[in-house]
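The numbers here are math on the coordinates, done by the rules we state, and not lab data. Being a predicted model, the structure only gives us computed values, none of them experimental. Every residue, glycine as well, gets a Cβ built from its backbone with ideal geometry; the counts of neighbours run over all protein chains shown.
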Amino acid sequence: QKEVEQDPGPLSVPEGAIVSLNCTYSNSAFQYFMWYRQYSRKGPELLMYTYSSGNKEDGRFTAQVDKSSKYISLFIRDSQPSDSATYLCAVRNAGNNRKLIWGLGTSLAVNP
Amino acid sequence: ETGVTQSPTHLIKTRGQQVTLRCSSQSGHNTVSWYQQALGQGPQFIFQYYREEENGRGNFPPRFSGLQFPNYSSELNVNALELDDSALYLCASSPPGTGNTGELFFGEGSRLTVL
């Protein structure tokens, strides 16, 4: 079993739709949860970071963590064509390290 | 502010050869980590460097090695290249104090093709 599972999609939605992206993870020791966006031929860029369970909102983006079910989500409201990219979830343990464990990434296309 | 820069952007090697990839971290960032991203996969952690020493390593063989220099720039060296080493190699730097956030700033990567 992979430590982080993420449906690779592809996911195609019309402009303005609400997008829901999800990951599950297997190790309850993971404490930090991140969503990265990766455009084609670019490096990943950090979108959202959350610690432990709860919600975090930033503009059109909301990240949600449910540690009891080991489930993390990213919601995109009023999706735009510029949101078309691959979205990767990443998790890590506590501690001063930068070892992130990543999902496969979900490819999203927002159609005008 | 200059972001993370990597060189070369693309390169082609043959099996058995050696390759060196370079990374200049973002100004003020003292931790550098390297990731391998195969096509259609998430990045895999190779190792990280802090204060010129390796202080974390993923499941990669010893033929993957690295260096960090006093200016925090870094190199990734891969010896005895194999076909499966074909991937996008990503360098990420982190500023001090982000150990608890895992905030990584990525370069655009070096795409290595091994023939």
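Sort A:TYR71, A:TYR36 by Cβ crowding within 10 Å, fewest neighbours at the top.
Working: A:TYR71 13, A:TYR36 26.
Ranked by crowding around the Cβ, least crowded first: A:TYR71, A:TYR36.
Here's the picture: charge each Lys and Arg Cβ at +1 and each Asp and Glu Cβ at -1 in chain A, and of A:ALA94, A:LEU46, A:SER107 the one pushed furthest to the positive end of that dipole is A:ALA94.
What FRET efficiency do you get for B:ASN71 and A:ALA94 if R0 is 30 Å and r is their Cβ-Cβ distance, rounded to the nearest 0.05? Write out the running numbers ahead of the final one.
Values: r = 30 Å, r/R0 = 0.99.
According to the calculation, E is roughly 0.50.
Only Lys, Arg, Asp and Glu carry charge here, each on its Cβ (+1 for the first two, -1 for the last two); on that basis the protein assembly as shown has a dipole of about 300 debye about its Cα centre. A cut-off of 5 Å between modelled amide H atoms, ignoring neighbours fewer than 5 places along the same chain, links B:PHE47 with B:TRP34, B:GLY58. From the largest down, the protein assembly as shown spans 47, 40, 35 angstrom on the principal axes of its Cα atoms.
In sequence order, the stretch B:51-63 has phi-based couplings of 6, 6, 10, 6, 10, x, 9, x, 7, 10, x, x, 5 Hz under the Karplus curve 6.51 cos²θ - 1.76 cosθ + 1.60, θ = phi - 60°, and Gly or Pro positions carry x. Here the label points at A:SER69 and A:SER20, each 7 Å from Cα along the C-beta direction, are separated by 0.9 nm in the simple model.
Ordered by the number of other Cβ atoms lying within 10 Å of each residue's own Cβ, fewest first, A:ASP58, A:ASP83 fall into the sequence A:ASP58, A:ASP83. Here A:ASP58 and B:ARG15 are evaluated by their C-beta separation; at R0 = 45 Å the FRET efficiency comes out at 0.50. Net charge dipole, chain B: roughly 240 debye, given to the nearest 20, about the Cα centre with Cβ charges of +1 for Lys and Arg and -1 for Asp and Glu.
With Cα atoms defining each centre, the stretch B:4-69 and the stretch A:72-112 are spaced 22 Å apart in the structure.
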